[in-house]
Amino acid sequence: MRAKLSLWAVLLIGAVGTLMRPATAEMMPFPHDFKVQEIETDGATIHVRFGGTGPAVVMLHGFGDTGDMWAPLAVAMAAKHTIVVPDLRGMGLSSHPEGGYDKKTQARDIAQVMDALKIEKADFVTHDIGNMVGYAFAAQFPNRVTRWVAMDAPLPGIGPWDDQLRNPKTWHFNFRGPDVERLVDGRERIYLDRFWDELGVHPGAFDEPMRQHYAKLYALPGAMHAAFEQFAAFSQDAIDNRQFLARGKLTMPILAVGGEKSYGLTLAADIRFVATNVQEAMIADAGHWVMEEQPAATIAMIRNFLDQK
């Protein structure tokens, strides 16, 4: 883990000239001149970090982390891009409403965030549940997405989705019922450790400060309710996605990236069910957590694709 943290530190030094805080002491910070804004959408308040200059890039996280995961990428790209990093509805420092966790609604959250920041169109970089929100956004607002990097998660209702529901590694997709929140209450760290330890190749990629940081955010009132609702909404997401697909496939350039020990090149096959212009890529020696496990390789791949204008 020491070697990977040093890579993060090098990226930060190279991008802003000085390491603002020790990478081994806490989460990597966003650039010092980034702003934070709470943006009201229909039914939620979205916590957004933004900064930089140039064409916009929207970065969407998934379950098990928050928008904080994108700090190394934001640092690397902010000199030539305007970076927009929201916490999805119900996660991180965004509000935790009772509902609205279908990805169609969350995509509209992102559209309203972009409207508030006066951003008409953007590249998208997404991971995990962020992929699902990213597709729902691109399907509803195709003219607002210039390029899309989708990383290591399938789309509900699309392609071999039913196989995914039967995969023992994704048992949490169906972990529901009247007692799930009570079972996890006060044990959020135990629950989250399972994902960080079992879905990647290098559990140490999530060091103790990172685990404490994310566990604290997921222990906020309403946070685990919202997390369970993200998965409970998959059945509605599947319906919505099939309706989106019936209108036609996406045509913007898409890079589908899988971790070698996770979705690998099969992610591109899934994305091709909904899009016509898909490139495939794989991050070697990584599982699901490509940004944390192989930050330098992942950042280089993303930047290379987005720079192909």
Practice problem: Would you list the helices (runs of 4 or more DSSP H) that sit entirely within region 175-225 and hold 2 or more residues that are under 19 Å from the mean Cα position of the chain (by Cα) and within 23 Å of ASP285 (Cα to Cα)? | Solution: 188-198, 208-218
Quiz item: Is at least one residue of region 83-101 farther than 22 Å from MET252 by Cβ, buried (at least 22 other Cβ atoms within 10 Å of the Cβ) and more than 14 Å from the chain's Cα centre (by Cα)?
Solution: yes
Quiz item: Listed residues ALA286, ALA227; which is crowded, with 23+ Cβ neighbours inside 10 Å, in contact with a helix residue (DSSP H, G or I) (Cβ under 9 Å, 6 or more places away or on another chain) and over 26 Å from SER94 (Cβ atoms)?
Solution: ALA286
Exercise. Inspect all residues belonging to region 112-122 and state whether any of them is crowded, with 24+ Cβ neighbours inside 10 Å, in contact (Cβ under 8 Å) with a residue 24 or more places away in the chain and not in a loop (DSSP other than H, G, I, E, B).
Key: yes
Exercise. Restrict the check to region 126-147 and report whether at least one residue is more than 14 Å from GLN230 (Cα to Cα), among the β-branched types (Val, Ile, Thr) and touching a Pro at 6+ places or on another chain (Cβ under 8 Å).
Key: yes
Exercise. State which residue is nearest to ASP115 (Cα to Cα) when the search covers only region 54-77 and only residues that are in a loop (DSSP other than H, G, I, E, B) and in contact with a helix residue (DSSP H, G or I) (Cβ under 7 Å, 6 or more places away or on another chain).
Key: HIS61
Exercise. Any residue in region 69-96 that's among the basic types (Lys, Arg): show its pairings with residues that are in a loop (DSSP other than H, G, I, E, B) and buried (at least 24 other Cβ atoms within 10 Å of the Cβ) at Cβ separation under 8 Å, as long as the two are six or more apart or on different chains.
Key: ARG89/TYR101
Quiz prompt | Selection count where residues are part of a helix (DSSP H, G or I) and of a type in the set (Val, Ile, Thr), scope region 226-256 | solution = 1
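Where a number appears in this text, it was derived from the coordinates with a stated rule and is not lab data. All figures in this text were calculated on a predicted structure; none of them were measured in a lab. For neighbour counting, all protein chains shown are included, and Cβ atoms are generated from backbone atoms with ideal geometry for every residue, glycine included.
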